[in-house]
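Written out below as structure tokens is the structure these notes cover.
Throughout, read-outs are computed from the coordinates displayed, never taken from laboratory work. Since we're looking at a predicted model, the values are computed, not measured. No Cβ is skipped: glycine too gets one built from the backbone with ideal geometry, and neighbour counts run over all protein chains shown.
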Number of protein chains: 2
Amino acid sequence: MTNIDFLKKADDNLPEIKSTIIKPSVETKRLEAGSEIIIDLGNHYVGYFSFRMWYLDEYIDAPVTLAVRFLETEGELDDDYSVYGGWLCQSWLQEDIIKVDFPGIYDMQRRYAARFIKIKVLHTPKPLTLSDFSFRAVSSADMSKLPPFKTEDVELAAIDRVAVNTLKNCMQRVFEDGPKRDRRLWIGDLRLEALANYYTFRDTALVKRCLYLFAASERNSLGFLPGYVYENPVFVSGTWFIVDYSMMYVNSLCDYYRHIGDKQTFLDLYPLARSLMDSAHLTTHATGLLDVPEEDIFIDWCAGLEKRGALFGVYLYTLENLVSTLEAMSHPDAELYAERLARGRELAKKLLFNPDRCAFINDIDKGQYSVHTAAWMVLGGVVTGDVAKRVILDVILSPDSVKPFTPYMHHYTVEALVKAGLVDEAVKYIKQIWGGMVKLGADTFFEAYVPTDPDFSPYDDRKVNSMCHAWSCTPTYFIRKLGL
Amino acid sequence: MTNIDFLKKADDNLPEIKSTIIKPSVETKRLEAGSEIIIDLGNHYVGYFSFRMWYLDEYIDAPVTLAVRFLETEGELDDDYSVYGGWLCQSWLQEDIIKVDFPGIYDMQRRYAARFIKIKVLHTPKPLTLSDFSFRAVSSADMSKLPPFKTEDVELAAIDRVAVNTLKNCMQRVFEDGPKRDRRLWIGDLRLEALANYYTFRDTALVKRCLYLFAASERNSLGFLPGYVYENPVFVSGTWFIVDYSMMYVNSLCDYYRHIGDKQTFLDLYPLARSLMDSAHLTTHATGLLDVPEEDIFIDWCAGLEKRGALFGVYLYTLENLVSTLEAMSHPDAELYAERLARGRELAKKLLFNPDRCAFINDIDKGQYSVHTAAWMVLGGVVTGDVAKRVILDVILSPDSVKPFTPYMHHYTVEALVKAGLVDEAVKYIKQIWGGMVKLGADTFFEAYVPTDPDFSPYDDRKVNSMCHAWSCTPTYFIRKLGL
């Protein structure tokens, strides 16, 4: 059952949506059936589109049918929508077929995410013009609150700008994962957006709102949280219960307390955090590791990935965050979790670490050598110092290791590098991944980015990928926090 | 140039649009991608459609794409829109592809004309329901003003009901020709709608508005009126100048004075009427008949129709109407037009009538034997008494004559029968044509009706035909005026 008290607290923190009008400049042309025009908004925005349709030689004596397509990147301009091979609903493709009945301003009703708008005239009996293009960009981010930021490194400056734009465009009624798709609140995205937010817009209320939304949700029989919730127009709990995301909820709560110092909210939600940690702990009774169904683990969109090692790293990482948060407020539970953390690290070292190869190659992961397990083991504090350095660098540089597919996992790889004290390598990694997207002309960072496979899609069709995705916004967090 | 003074007078008479909410009862079913539902509104209406989309097992995590189709008759329910062979813009097909982003009430933005609504679920990731269907029917007709009417004849009663419904659904900001298509003010439709209106809703202001709209329009170099004008959202003159429709404007003005007695408006617009009659007269200088380009004559949507004889009949009919109107107000111009009428009738009898066959078969019409010429000759008073009776009956009954294709021309055929004193035959004709449509289940009368060819379309594809068309509403005029 939905927790109505928590839902009310979430709605008490509903943000105001701010609008900015973008007026792209486009030459007015004579258009006939079959004509196309492309509008460049000059940057990626989320919002509402309107235009003026008018007649040329004589009044148009029938509705005008237009296909209006919204593209997040230039590379999507020539996509063929008649072929779709993805396993997500193709309604996500941002194209609407509209009929304009009268000359004048036409306001499209839906919200879109776009840098480019491509309009094709499908049916008209007479020539026409399209003009007065206007895009009302919406976001709950307050640009005036963005602290000024300077770096000598022009590449990092560009990455920071794109990261902030990504975050801004995902900040709506909630921290959305992607304004094109899925347009909803996911725990994994929330955690990273909130981190970036603490160093940029510092919208405390929005984080609080999202924490309460998950607290209001229905957990599964094991006690874990749904990976996502819907809140517009009705609150509905998601149905995919993700164990690593449940841990990320605990991290989000700890982060919130540590950045904002709002002890009252922390304590209000701490029983949920404790219950999530206890649910995780309960699954360890057989092997000591988290024993949960494969489909309840996310880690990354990476086909064939062995996730057990990484999942246990997420658990240890969360324990560490929780312990330090509880210790900071002298909370009596700190000791219990510190003890579990210490035991977990020992077990991980024994079961998951291969000292001969100085790598996390083990039976639990069926011998698979992945950045994922290594990064999460470093983040979980299973190895430290020079060993941690070698573990994380080796796996990143190895031609044979499994690499992250999403900026979500790229983030935790960077965080592992930073934790291992490899800040220069972290910067290099950021420039390789997020800088790689900037080099492709990104105005916002993508949901998935595989340098060797630019058409990679977790959904089997790149056209449905989200090219402005919350979990990709964290370079600004590293750059601003570390003063890079 | 648009006459702004006349346009202002037209807009002073802009009617109020009344709304009625129709709530069809439809069983709520589980719908998935590919599912279809059909909603029966129970009658033909013009207006705006809304519904509730909701989820069943779980929240729908993508926009739902629906194809929503509005059909004026049951016979259109199975039409295949992927094949279109018409020469009118296919945007007129009443189908919109919409994406419903959220569960809840969805308001479609455009106005439709429909008895049936067919919704097909094109894309959805999860099952859904559609319910709470609501159709806000709009019309400027005031149903409370409709005089009670009784006839013993159940067939005529049904025809009257459908005729009134047709008129009501065409009465919007102007007398529209058809609410599905072309949704604008045509002179030919206006004249017949106004006649039906005098015996039903008696909306004086709407007639006045439409008369002023045409008076505001731009005439062609010969001085004739455009057959149609647009007035929403801007006033624009049409570009097809139709000589017989220009005559019908004069008839509409005369009808208005004779039914309403508004002499001021008549005299305000009489200079235009005179100028139209003089323009027509000027074309007679060579042959005595109206000598105008073939494409400037309408008469009927009837391939291969010879229109010269009929056009001259329209001219004479108009002169008769004008003369009797001017005489009723002792206007000095009456004499001039009476003289032209007398001379025209004589000429028509000489050039167009074949006394040996007692029929209007002549060289002017290239020997073609049509109901059109005969009806207009009777209406123009070229033949009277028993000759008129024989002329009109013979041509209607002949298997070899060219028959009307539209209820517009059917109307004038009935009027010719009535003028010839053949009221019983007029009733029979009404029952055959309009009763034929009622037997097909019509809630409103069609734009075109050929009993022997139910799929006839003036536009080469029945799917674009208007099945609620103003010029088909006149049985109520005959039934109520003549007390049938």
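Summary table below
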| item | result |
| --- | --- |
| Residue-averaged [θ]222 nm for chain B, counting only DSSP H segments that reach four residues, each worth -39500 (n - 2.57) | -12500 deg cm²/dmol |
| Low-density loop cleavage sites - trypsin sites (Lys or Arg not before Pro) in the stretch A:348-426, where at most 11 other Cβ are within 10 Å (DSSP) | A:ARG357, A:LYS366 |
| Translational diffusion of the stretch B:362-440, µm² s⁻¹ [Kirkwood Rh, Cα pairs; Stokes-Einstein; 37 °C; 0.692 mPa s] | 260 µm²/s |
| Distance between modelled label sites at A:LEU482 and A:ARG390, nm, 7 Å Cα→Cβ extension | 2.2 nm |
| P(r) weight above 19 Å for the stretch B:201-259, C-alpha pairs, percent | 30 percent |
| Anisotropy class of the stretch A:70-213 from Cα gyration tensor, a/c 1.5 cut | prolate |
| Residues of the stretch A:365-393 with amide N under 13 Å of the 7 Å Cα→Cβ point at A:THR452 | A:371 |
| For the stretch B:154-212, fraction of C-alpha pairs farther apart than 17 Å, in % | 33 percent |
| Principal axis dimensions, largest first and in whole angstrom, of the stretch A:1-65 by Cα | 62, 29, 18 |
| All Cα pairs of the stretch B:229-277, percent lying beyond 18 Å | 42 percent |
| Order of B:MET1, A:MET329 under a 10 Å beta carbon neighbour criterion, fewest first | B:MET1, A:MET329 |
| Over the stretch A:33-115, relative contact order from alpha-carbon pairs under 8 Å, at least 6 apart, % | 56 percent |
| Cα-based shape type of the stretch B:299-346, given that a ≥ b ≥ c are square roots of the gyration tensor eigenvalues and the cut on a/c is 1.5 | prolate |
| Across B:LYS180/B:LYS208; B:LYS403/B:LYS439; A:LYS118/A:LYS208; A:LYS99/B:LYS150; A:LYS99/B:LYS145, pairs whose alpha-carbon gap is larger than 32 Å | A:LYS118/A:LYS208; A:LYS99/B:LYS150; A:LYS99/B:LYS145 |
| Charged-residue dipole, Cβ positions (Lys, Arg, Asp, Glu), the stretch B:286-397 about Cα centre, Debye nearest 20 | 360 debye |
| Rounded FRET efficiency, nearest 0.05, which uses the C-beta distance separating B:TYR81 from B:ASP132 and R0 of 30 Å | 0.70 |
| Of B:LYS349/B:LYS419; A:LYS349/A:LYS419; A:LYS8/B:LYS23; A:LYS349/A:LYS431; A:LYS18/A:LYS428, those spanning more than 28 Å from alpha-carbon to alpha-carbon | A:LYS8/B:LYS23; A:LYS349/A:LYS431; A:LYS18/A:LYS428 |
| Residues whose placed amide H lies under 5 Å from that of A:ALA359, excluding near-sequence neighbours | A:ASN354 |
| FRET efficiency, A:THR151 to A:VAL26 (Cβ-Cβ, R0 25 Å, nearest 0.05) | 0.15 |
| Computed label-point distance, nm, for sites B:THR239 and A:HIS259 using a 7 Å Cα→Cβ extension | 6.0 nm |
| Relative contact order (percent, whole number), chain A, Cα cutoff 8 Å, 6+ residue spacing | 19 percent |
| Ascending list, in nanometres, of distances separating the A:ASP460 label from those of the other copies (7 Å, Cα toward Cβ) | 4.3 |
| Rg/Rh ratio calculated on Cα atoms of the protein assembly as shown (Kirkwood radius) | 1.15 |
| Against the rule of thumb 2.2 N^0.38 Å, how large the Cα Rg of the stretch B:149-274 comes out | 1.09 |
| Nearest 10 degrees, 0 to 90: helix A:308-328 Cα axis against chain A principal axis | 80 degrees |
| Long-range amide H partners of B:TYR45 with built H, under 5 Å | B:ALA114, B:ARG115 |
| Geometric extent, Cα atoms of chain B - Rg, Dmax (angstrom) | 23.9, 82 |
| ³J(HN,Hα) computed for each position of the stretch A:144-151 - Karplus, 6.51 cos²θ - 1.76 cosθ + 1.60, integer Hz, glycine/proline x | 6, 8, 6, x, x, 9, 10, 9 |
| Extension gain from A:LYS350 to A:LYS8, taking 0.36 nm per residue of separation minus the Cα-Cα distance | 118.5 nm |
